[in-house]
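Okay, so here's the structure we're looking at.
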Amino acid sequence: MFKHVDFYAGDPILELVNEFLNDTNPNKVNLGIGIYYDENGQLPVLECVKIAEKRMADPISPRPYLPMDGLPSYKKACQQLLFGKDAPILQENRIATLATIGASGALKVGAEFINAWFPTSKCYVSDPTWVNHIAIFEGSGVEVGSYPYYDKKTVSVKLDAMLSFLNSLNKNDVVLLHPCCHNPTGVDLTPEQWDKVLEVMKNRELIPFMDIAYQGFGESLDEDAYAIRKSVELGLPLFVSNSFSKNLSLYGERIGGLSIICPTEEEAVRVLGQLKLIVRRIYSSPPSHGGHVVDIIMNDDTLYEQWVGEVYAMRDRIKAMRFKLKSVLEAKLPERNFDYLTTQKGMFSFTGLSPEQVERLKTEFGVYLLATSRMCVAGLNIHNVDYVANAMAEVLKD
Ligand code: KET
């Protein structure tokens with residue numbers, strides 16, 4: 001009966017996690033998936049989360065279905081974080097916001113919306129991008145293309161090529177952008193470069209879709225939202241998918257959001273209605289636990305401040321690991337340049353290692369990077385960084 005069903009070889013990121021778990025090497029280090037581990041290699045539970053969870057546990061409350069678009073106060077918290085607490089747009093009632101099952105869910109609902117209401121639009125992703133961007137949009141029937149982005153030689157953005165490519169696109173084509181901590185390269189646009197990109201987006205009447213999964217891991221929470229806020233300032237239509245998986249270390253709670261900025265309040269009502277319809281047809285309403293945790297933290301000044309401190313502590317530890325890895329590698333291979341490790345931002349570093357070198361790291365040393373050479377720097381710590389640097393130096397020297 002199921003003989004015609006194709007075999008699924010698995011997702012390149014999630015499959016590597018399984019390989020890592022099955023590896024018996026006692027020195028193994030997981031630098032594959034984008035997860036932040038603390039200085040002891042453990043997945044942290046943030047202090048602000050512990051306090052919020054305790055409040056939720058006493059008394060334990062009933063669990064009704066949430067509305068299709070999630071808790072109103074959660075939606076408000078997403079908007080404040082993305083657009084700014086006092087941003088005038090928040091008073092204008094023209095942002096259609098939906099609580100979603102992680103940023104993945106937001107991308108999926110957004111892709112379904114684009115397929116339904118902009119059926120001739122293509123979606124362009126950066127070359128390279130998070131592999132699932134392509135899968136999600138194609139899976140929703142949207143044709144996907146790519147725009148020039150990463151320049152391997154200079155470890156920076158191919159800005160001119162990117163701008164001229166965007167200039168060749170059609171009205172209402174969707175351009176998927178990473179506002180901060182680009183996945184997988186760690187190479188971000190500067191504010192000046194964003195201004196140029198967004199100007200082209202505006203002139204060509206393109207639709208920016210900003211996927212922000214790492215807010216607070218690049219610079220500050222506000223600085224990381226520069227591109228989003230600039231788009232609002234320029235009056236662009238805008239899709240934003242956001243995630244609390246990483247910056248609240250709540251991966252399994254699956255909490256994210258989709259916000260679509262519309263020209264008028266009346267359009268926002270209709271857009272939100274269609275988003276709810278998509279949700280109703282797939283999973284009906286979002287899970288409630290994570291939404292309540294976020295709601296408690298974001299709407300309590302003390303807990304919010306505590307959270308901000310904890311996000312920045314994670315960010316700073318990642319930065320420190322970048323410097324440490326760089327210095328050990330420079331000492332071992334002085335003829336090579338490792339500056340890229342400290343200029344790239346966020347969780348990821350595109351190391352430029354060949355697939356063979358990545359394979360050797362895995363089989364000989366139990367050090368797991370994605371085959372594309374992406375390393376999750378947030379998996380490094382003071383106990384394993386020397387080991388990883390030695391392993392990298394070993395495969396690089398031949
Ligand atoms: N967008 C980007 C850019 C991203 O890197 C991830 C996750 C997501 C969205 C999904 O977020 P969530 O809210 O958890 O649904 N990326 C890491 C994990 C994964 O592949 O699922 C990764 O790149 O390793």
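The values are calculated or read from the model by the stated rules, or taken from the named source; none is laboratory data. Because the structure is predicted, anything quoted here is derived from the model rather than measured. For neighbour counting, all protein chains shown are included, and Cβ atoms are generated from backbone atoms with ideal geometry for every residue, glycine included. Please note that ligands, DNA and RNA were not included when accessible areas were found on the heavy atoms of the full protein model with its side chains. Shrake-Rupley method; radii C 1.70, N 1.55, O 1.52, S 1.80 Å.
Per-structure values
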quantity: A106, sole failed condition from (1) part of a loop (DSSP other than H, G, I, E, B); (2) open to solvent by less than 60 Å² (accessible area, probe 1.4 Å); calculated: (1)
quantity: Any hit, the range 131-139, residues being more than 15 Å from the ligand (Cβ to nearest atom) and either open to solvent by less than 10 Å² (accessible area, probe 1.4 Å) or in contact (Cβ under 8 Å) with a residue 60 or more places away in the chain (or both); calculated: no
quantity: Test: residue in the range 5-24 that is surrounded by 14 or more Cβ atoms within 10 Å (Cβ to Cβ) and more than 16 Å from the ligand (Cβ to nearest atom); calculated: yes
quantity: Residues being more than 25 Å from V311 (Cα to Cα) and either within 16 Å of the ligand (Cβ to nearest atom) or assigned to a helix (DSSP H, G or I) (or both) - total across the range 239-294; calculated: 19
quantity: Those residues of the range 12-55 which are farther than 21 Å from A371 by Cβ and among the aliphatic types (A, V, I, L, M), in sequence order; calculated: L43, V45, L46, V49, I51, A52
quantity: One residue from I101, I114, I89, I95 being surrounded by 13 or more Cβ atoms within 10 Å (Cβ to Cβ) and within 16 Å of the ligand (Cβ to nearest atom); calculated: I101
quantity: Subset tally (residues that are assigned to a helix (DSSP H, G or I) and either under 18 Å from H383 (Cβ atoms) or within 18 Å of the chain's Cα centre (by Cα) (or both)) for the range 18-49; calculated: 1
quantity: Among residues of the range 64-87, those that are part of a loop (DSSP other than H, G, I, E, B), touching a helix residue (DSSP H, G or I) at 6+ places or on another chain (Cβ under 9 Å) and modelled with pLDDT of 95 or more, counted; calculated: 8
quantity: Test: residue in the range 168-178 that is touching a residue at least 60 places away in the same chain (Cβ under 8 Å) and either open to solvent by less than 30 Å² (accessible area, probe 1.4 Å) or more than 16 Å from the ligand (Cβ to nearest atom) (or both); calculated: yes
quantity: Scope the range 225-238; condition assigned to a helix (DSSP H, G or I) and open to solvent by 10 Å² or more (accessible area, probe 1.4 Å); matching residues; calculated: Y226, R229, K230, V232, E233
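Matching residues to (1) among the aromatic types (F, W, Y); (2) within 30 Å of E19 (Cβ to Cβ); (3) in contact (Cβ under 8 Å) with a residue 40 or more places away in the chain:
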residue	(1), (2), (3)
E305	no, no, no
V328	no, yes, yes
F338	yes, yes, no
S354	no, yes, no
T363	no, yes, no
Y368	yes, yes, yes
